[in-house]
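**Q** I have a structure here, written as C-alpha coordinates, and I will follow up with some questions on it.
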Amino acid sequence: MSATAKPLILVVEDEAPLVSVLRYNLESAGFEVAEALDGEEALIAVDERRPDLVVLDWMLPLVSGLEVCRRLRRKPETKNIPIIMLTARVEEQDRVRGLDTGADDYITKPFSPFELVARVRAVLRRARPSLSAELLEFADVTMDLASHRVKRGKRSVHLGPTEFRLLRYLMERPMRVLSREQLLDAVWGRDVYVESRTVDVHIRRLRQALNAGNAPDLIRTVRAAGYALDDQV
(Lines give C-alpha, C1' and ligand atoms only; values in the text may rest on other atoms or scores of the structure.)
Protein backbone atom coordinates (compact mmCIF):
# COMPACT_ATOMS: atom_id res chain seq x y z
CA MET A 1 0.00 0.00 0.00
CA SER A 2 1.21 3.49 -0.69
CA ALA A 3 2.33 5.91 1.98
CA THR A 4 -1.09 7.57 1.84
CA ALA A 5 -2.60 4.25 2.95
CA LYS A 6 -5.55 4.22 0.56
CA PRO A 7 -8.02 1.43 1.31
CA LEU A 8 -7.10 -1.63 -0.73
CA ILE A 9 -9.92 -3.29 -2.71
CA LEU A 10 -9.33 -6.79 -4.08
CA VAL A 11 -11.44 -7.36 -7.22
CA VAL A 12 -11.96 -11.07 -7.91
CA GLU A 13 -13.51 -11.41 -11.36
CA ASP A 14 -12.69 -13.54 -14.42
CA GLU A 15 -14.12 -11.11 -16.99
CA ALA A 16 -11.12 -8.93 -17.91
CA PRO A 17 -13.15 -6.04 -19.42
CA LEU A 18 -15.24 -5.78 -16.24
CA VAL A 19 -12.06 -5.84 -14.11
CA SER A 20 -10.71 -2.89 -16.14
CA VAL A 21 -13.92 -0.91 -15.66
CA LEU A 22 -14.00 -1.60 -11.92
CA ARG A 23 -10.31 -0.76 -11.51
CA TYR A 24 -10.76 2.56 -13.30
CA ASN A 25 -13.81 3.58 -11.26
CA LEU A 26 -12.42 2.44 -7.90
CA GLU A 27 -9.05 4.13 -8.46
CA SER A 28 -10.83 7.31 -9.57
CA ALA A 29 -12.76 7.18 -6.28
CA GLY A 30 -9.52 7.09 -4.28
CA PHE A 31 -9.06 3.36 -3.66
CA GLU A 32 -6.08 1.15 -4.37
CA VAL A 33 -7.00 -1.92 -6.43
CA ALA A 34 -5.58 -5.43 -6.63
CA GLU A 35 -7.09 -8.12 -8.83
CA ALA A 36 -7.44 -11.87 -9.09
CA LEU A 37 -8.93 -13.82 -11.99
CA ASP A 38 -9.95 -16.99 -10.18
CA GLY A 39 -10.73 -18.27 -6.68
CA GLU A 40 -7.33 -19.84 -6.01
CA GLU A 41 -5.53 -16.65 -7.02
CA ALA A 42 -7.87 -14.68 -4.74
CA LEU A 43 -7.04 -16.80 -1.68
CA ILE A 44 -3.30 -16.45 -2.38
CA ALA A 45 -3.66 -12.67 -2.87
CA VAL A 46 -5.45 -12.28 0.48
CA ASP A 47 -2.71 -14.24 2.26
CA GLU A 48 0.03 -12.15 0.64
CA ARG A 49 -1.56 -8.77 1.29
CA ARG A 50 -4.70 -8.29 3.34
CA PRO A 51 -7.29 -6.15 1.52
CA ASP A 52 -9.70 -3.77 3.24
CA LEU A 53 -12.58 -5.13 1.16
CA VAL A 54 -13.13 -7.90 -1.43
CA VAL A 55 -15.37 -7.53 -4.48
CA LEU A 56 -16.03 -11.18 -5.26
CA ASP A 57 -17.72 -12.74 -8.30
CA TRP A 58 -19.88 -15.78 -7.52
CA MET A 59 -18.99 -17.77 -10.67
CA LEU A 60 -15.19 -18.19 -10.76
CA PRO A 61 -12.82 -20.78 -12.26
CA LEU A 62 -11.09 -23.32 -9.96
CA VAL A 63 -12.71 -22.22 -6.68
CA SER A 64 -16.16 -20.59 -6.66
CA GLY A 65 -16.75 -17.20 -5.12
CA LEU A 66 -19.07 -18.82 -2.62
CA GLU A 67 -16.29 -21.18 -1.50
CA VAL A 68 -13.76 -18.31 -1.36
CA CYS A 69 -16.18 -16.45 0.92
CA ARG A 70 -16.59 -19.54 3.13
CA ARG A 71 -12.83 -20.02 3.48
CA LEU A 72 -12.19 -16.37 4.31
CA ARG A 73 -14.90 -16.43 6.98
CA ARG A 74 -13.46 -19.65 8.45
CA LYS A 75 -9.99 -18.20 9.19
CA PRO A 76 -9.63 -15.90 12.22
CA GLU A 77 -7.25 -13.54 10.41
CA THR A 78 -9.62 -13.00 7.44
CA LYS A 79 -13.07 -13.52 8.95
CA ASN A 80 -13.77 -9.79 9.32
CA ILE A 81 -12.77 -8.68 5.81
CA PRO A 82 -15.85 -7.05 4.22
CA ILE A 83 -17.05 -8.91 1.10
CA ILE A 84 -19.36 -7.69 -1.68
CA MET A 85 -20.59 -10.53 -3.89
CA LEU A 86 -21.17 -10.00 -7.62
CA THR A 87 -23.47 -12.40 -9.42
CA ALA A 88 -25.74 -12.89 -12.40
CA ARG A 89 -28.04 -14.95 -10.16
CA VAL A 90 -31.21 -13.02 -9.41
CA GLU A 91 -33.26 -15.57 -7.49
CA GLU A 92 -33.98 -14.64 -3.87
CA GLN A 93 -32.70 -17.99 -2.55
CA ASP A 94 -29.36 -17.37 -4.27
CA ARG A 95 -29.09 -13.94 -2.67
CA VAL A 96 -29.93 -15.41 0.73
CA ARG A 97 -27.37 -18.17 0.19
CA GLY A 98 -24.67 -15.63 -0.62
CA LEU A 99 -25.46 -13.54 2.45
CA ASP A 100 -25.67 -16.63 4.66
CA THR A 101 -22.19 -17.63 3.51
CA GLY A 102 -20.88 -14.38 4.94
CA ALA A 103 -21.10 -11.73 2.22
CA ASP A 104 -21.75 -8.22 3.54
CA ASP A 105 -23.56 -7.08 0.40
CA TYR A 106 -24.78 -8.52 -2.89
CA ILE A 107 -24.95 -6.88 -6.36
CA THR A 108 -26.57 -8.52 -9.38
CA LYS A 109 -25.17 -8.12 -12.89
CA PRO A 110 -25.46 -5.97 -14.88
CA PHE A 111 -24.81 -3.08 -12.52
CA SER A 112 -23.55 0.48 -12.67
CA PRO A 113 -19.88 0.97 -11.64
CA PHE A 114 -21.06 4.06 -9.74
CA GLU A 115 -23.43 1.89 -7.73
CA LEU A 116 -20.59 -0.49 -6.91
CA VAL A 117 -18.35 2.35 -5.72
CA ALA A 118 -21.21 3.66 -3.54
CA ARG A 119 -21.74 0.17 -2.08
CA VAL A 120 -18.00 -0.21 -1.41
CA ARG A 121 -17.97 3.09 0.48
CA ALA A 122 -21.08 2.16 2.45
CA VAL A 123 -19.77 -1.27 3.46
CA LEU A 124 -16.40 0.20 4.46
CA ARG A 125 -18.11 2.87 6.55
CA ARG A 126 -20.10 0.21 8.38
CA ALA A 127 -17.16 -2.16 8.81
CA ARG A 128 -14.34 0.30 9.44
CA PRO A 129 -15.51 3.86 9.98
CA SER A 130 -11.91 5.01 10.46
CA LEU A 131 -11.09 4.41 6.79
CA SER A 132 -13.26 7.36 5.71
CA ALA A 133 -12.71 9.55 8.75
CA GLU A 134 -10.65 12.70 9.12
CA LEU A 135 -10.25 11.90 12.81
CA LEU A 136 -8.94 8.51 13.92
CA GLU A 137 -9.39 7.43 17.53
CA PHE A 138 -8.17 4.44 19.48
CA ALA A 139 -8.18 4.19 23.29
CA ASP A 140 -6.96 7.65 24.38
CA VAL A 141 -5.05 8.38 21.14
CA THR A 142 -6.56 10.87 18.67
CA MET A 143 -5.13 11.42 15.19
CA ASP A 144 -6.29 14.41 13.17
CA LEU A 145 -5.45 13.69 9.53
CA ALA A 146 -6.39 17.17 8.35
CA SER A 147 -4.11 19.06 10.73
CA HIS A 148 -1.52 16.27 10.96
CA ARG A 149 -1.66 16.27 14.78
CA VAL A 150 -1.67 13.44 17.30
CA LYS A 151 -2.76 13.59 20.93
CA ARG A 152 -2.72 11.06 23.73
CA GLY A 153 -5.24 12.24 26.23
CA LYS A 154 -4.51 15.97 26.50
CA ARG A 155 -0.82 15.57 25.63
CA SER A 156 0.46 16.38 22.15
CA VAL A 157 2.51 13.57 20.58
CA HIS A 158 5.25 14.72 18.22
CA LEU A 159 5.96 12.22 15.44
CA GLY A 160 8.23 12.17 12.43
CA PRO A 161 6.62 11.60 9.00
CA THR A 162 7.37 7.86 8.99
CA GLU A 163 6.03 7.32 12.51
CA PHE A 164 2.92 9.33 11.60
CA ARG A 165 2.22 7.10 8.57
CA LEU A 166 2.94 3.99 10.64
CA LEU A 167 0.53 5.04 13.40
CA ARG A 168 -2.14 5.94 10.84
CA TYR A 169 -1.93 2.51 9.23
CA LEU A 170 -2.18 0.81 12.62
CA MET A 171 -5.10 3.01 13.72
CA GLU A 172 -7.01 2.30 10.52
CA ARG A 173 -6.74 -1.43 11.33
CA PRO A 174 -7.05 -1.68 15.13
CA MET A 175 -6.61 -5.05 16.83
CA ARG A 176 -5.36 -6.62 13.61
CA VAL A 177 -1.90 -8.21 13.58
CA LEU A 178 0.09 -6.67 10.71
CA SER A 179 3.25 -8.28 9.45
CA ARG A 180 6.48 -6.35 8.92
CA GLU A 181 6.05 -6.90 5.17
CA GLN A 182 2.57 -5.35 5.23
CA LEU A 183 3.87 -2.38 7.20
CA LEU A 184 6.80 -1.94 4.82
CA ASP A 185 4.48 -1.93 1.80
CA ALA A 186 2.08 0.50 3.47
CA VAL A 187 4.52 3.01 4.94
CA TRP A 188 7.57 2.89 2.69
CA GLY A 189 5.92 1.70 -0.57
CA ARG A 190 6.22 -1.53 -2.50
CA ASP A 191 8.92 -0.22 -4.85
CA VAL A 192 11.34 0.82 -2.11
CA TYR A 193 13.80 -1.70 -0.68
CA VAL A 194 13.94 -1.42 3.10
CA GLU A 195 15.03 -4.15 5.49
CA SER A 196 12.31 -5.54 7.71
CA ARG A 197 14.20 -4.63 10.89
CA THR A 198 13.68 -0.97 9.90
CA VAL A 199 10.05 -1.49 10.94
CA ASP A 200 11.21 -2.50 14.42
CA VAL A 201 13.28 0.69 14.73
CA HIS A 202 10.34 2.92 13.82
CA ILE A 203 7.92 0.96 16.01
CA ARG A 204 10.33 1.58 18.91
CA ARG A 205 10.37 5.32 18.15
CA LEU A 206 6.58 5.37 17.87
CA ARG A 207 6.28 3.59 21.22
CA GLN A 208 8.62 6.08 22.89
CA ALA A 209 6.56 9.01 21.60
CA LEU A 210 3.20 7.48 22.52
CA ASN A 211 4.26 6.12 25.90
CA ALA A 212 5.98 9.21 27.27
CA GLY A 213 5.02 9.81 30.89
CA ASN A 214 4.59 6.09 31.59
CA ALA A 215 1.40 5.79 29.55
CA PRO A 216 0.31 2.17 28.89
CA ASP A 217 1.80 0.59 25.77
CA LEU A 218 -0.82 0.24 23.03
CA ILE A 219 1.36 -1.60 20.52
CA ARG A 220 1.42 -5.37 20.90
CA THR A 221 4.36 -7.32 19.53
CA VAL A 222 3.34 -10.73 18.18
CA ARG A 223 6.39 -12.94 17.96
CA ALA A 224 7.18 -14.12 14.40
CA ALA A 225 4.02 -12.37 13.14
CA GLY A 226 4.23 -8.58 13.51
CA TYR A 227 2.50 -5.81 15.44
CA ALA A 228 -1.02 -4.82 16.43
CA LEU A 229 -2.60 -1.75 17.97
CA ASP A 230 -4.25 -3.25 21.02
CA ASP A 231 -5.59 -1.66 24.20
CA GLN A 232 -5.48 -5.03 25.98
CA VAL A 233 -1.70 -5.42 25.76
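The values are calculated or read from the model by the stated rules, or taken from the named source; none is laboratory data. Quantities reported herein were computed from a predicted structural model and do not represent experimental measurements. With ideal geometry, Cβ positions are generated from the backbone for all residues, glycine too; neighbour counts draw on all protein chains shown.
**Q** Within the group Glu40, Glu15, which residue is modelled with pLDDT of 90 or more, out of contact with any Asp or Glu (no Cβ under 9 Å at 6 or more places or on another chain) and among the charged types (D, E, K, R)?
**A** Exactly one of Glu40, Glu15 is modelled with pLDDT of 90 or more, out of contact with any Asp or Glu (no Cβ under 9 Å at 6 or more places or on another chain) and among the charged types (D, E, K, R), namely Glu40.
**Q** Something else: Considering only segment 200-230, state which residues are of a type in the set (D, E, K, R) and in contact with a strand residue (DSSP E or B) (Cβ under 7 Å, 6 or more places away or on another chain).
**A** Across segment 200-230, the qualifying residues are Arg207, Arg220, Asp230.
**Q** Quickly run through segment 20-56 and pick out the residues that are assigned to a strand (DSSP E or B) and small (Gly, Ala, Ser). Step through it out loud before you land on a result.
**A** Pass one, segment 20-56, residues assigned to a strand (DSSP E or B): 32-36, 53-56.
Ala34, Ala36, listed by residue number.
**Q** Among the residues of segment 144-154, are any on the phi > 0 side of the Ramachandran plot, in a loop (DSSP other than H, G, I, E, B) and at pLDDT 85 or above?
**A** Within segment 144-154 (the criterion being on the phi > 0 side of the Ramachandran plot, in a loop (DSSP other than H, G, I, E, B) and at pLDDT 85 or above), the answer is yes, since at least one residue qualifies.
**Q** Let me ask something else. Being farther than 22 Å from Ile81 by Cβ and basic (Lys, Arg) is true for just one of Arg168, Arg180, Arg223, Arg173. Which residue is that?
**A** Arg223
**Q** Looking at segment 134-183, which of the residues that are touching a helix residue (DSSP H, G or I) at 6+ places or on another chain (Cβ under 6 Å) and among the β-branched types (Val, Ile, Thr) is farthest from Asp47 (Cα to Cα)?
**A** Once the filter is applied, the top-ranked residue is Val157.
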